Amino acid sequence: MSLSLRERLFERADARYRDFSASLTPGAPPMIGVRLPQLRAMAREIARGEWREWFATAPVDYFEERMLQGLVIGYAKCPIDEKLRYTARFVPTIDNWAVCDCFCWRLRAAEREPMWRFILPYFDAEAEFEVRFAVVMALSNFVDEEHVDRLLELLGRVRHEGYYARMGVAWAVSVCYVKFPERTEAWLRADCPLDDRTFDKALQKIVESLRVSAADKQVIRAMKRRK
């Protein structure tokens, strides 16, 4: 008799990895302890089969089961309108940064503009991880010439108090700086709408980047608001 998906997950469990991961992921469901490369392989396998039927009954009691759902959506080959319907159902279930960030896949060309339009309302969402979803999907796919100015405007508009929403914004600003340093520095200097904590965290992430020169890091450090 073939093993159920949950049984296969428990076969791959690593207790030490589970305990370590759980300590880094507050708010997550109970963990089994399966490493991400193994989850990605399982998700690809599901996506190659009858993934719609799997979704209809897939359990989400464990962290890894929820992670699989997000990964399968990204890997599934289907029209973007259908994929966005699954995304709309999945996003409200996200309750930790790890599922959120791994869910934000690298978009195919045909998915880009529909996804851009789809994420815009989430920048103003009330739920912390809905905001983070929009921010991480954007930093993963839309820090480009066409979108960067609008993206900075959207990031500056985020007012969510949640830690992971704020840290997502800071991360996204740092990615914008790495790819468009002059434009992003000008935005940071020109009456930047970020609150002080998020602003300074963005500067910190820029300074931590290996792709920023020592001279530029000195300039960025000098911009810190909270002395």
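Points to keep in mind about this one:
- J(HN,Hα) series, region 23-30, from Karplus relation 6.51 cos²θ - 1.76 cosθ + 1.60, nearest Hz, glycine and proline x: 5, 9, 10, x, x, 6, x, x
- As a proxy for reagent exposure, ranking 224, 77, 201 by other Cβ atoms within 10 Å from fewest up yields 77, 224, 201.
- Residue exposure proxy: 174, 21, 209, ordered by other Cβ atoms within 10 angstrom of their Cβ from fewest to most, comes out as 209, 21, 174.
- Shape call, region 48-144: gyration tensor on alpha carbons, a/c limit 1.5: oblate
- Karplus 3J(HN,Hα) series, Hz, for region 115-120 with 6.51 cos²θ - 1.76 cosθ + 1.60 (x for Gly, Pro): 5, 4, 5, 5, 7, 3
- The reciprocal of the average 1/r between distinct C-alpha atoms defines the Kirkwood hydrodynamic radius, which for the chain equals 18.8 Å.
- For the chain, the mean residue ellipticity at 222 nm estimated from helices alone is -19500 deg cm²/dmol, where every DSSP H run of n ≥ 4 contributes -39500 (n - 2.57) and the total is divided by all residues, rounded to the nearest 500.
- 5 Å-binned pair-distance histogram of region 38-84 (Cα, whole percent): 5, 23, 34, 26, 10, 2
- Choice from 16, 52, 157 showing the highest fluctuation, given a GNM over the chain with Cα pairs closer than 10 Å: 16
- Scalar couplings 3J(HN,Hα) for region 135-140, obtained by applying the Karplus form with A = 6.51, B = -1.76, C = 1.60 to θ = phi - 60°, are 5, 6, 4, 5, 5, 7 Hz; x denotes Gly and Pro.
- For the chain, a Gaussian network of Cα nodes joined below 10 Å ranks 65, 128, 146 by mean-square fluctuation, and the top entry is 146.
- Prolate/oblate/rounded label for region 1-103 (Cα gyration tensor, a/c 1.5): oblate
- Taking the centroid of alpha carbons for each part, region 104-154 and region 155-227 are 18 Å apart.
- Shape of region 107-227, Cα gyration tensor, a/c cut at 1.5: oblate
- Summarising the label geometry, the points placed 7 Å from Cα in the beta-carbon direction at residue 157 and residue 60 lie 2.7 nm from one another.
- Candidates 110, 125, 138: whichever shows maximal mean-square fluctuation once the chain is modelled as a Gaussian network with Cα springs under 10 Å: 110
A short reminder: the numbers here are calculations on the coordinates, not readings from a lab. These numbers were taken from a predicted model, which means no experiment stands behind them. Quick reminder, even Gly has a Cβ in these numbers, built from the backbone with ideal geometry, and neighbours come from all protein chains shown.
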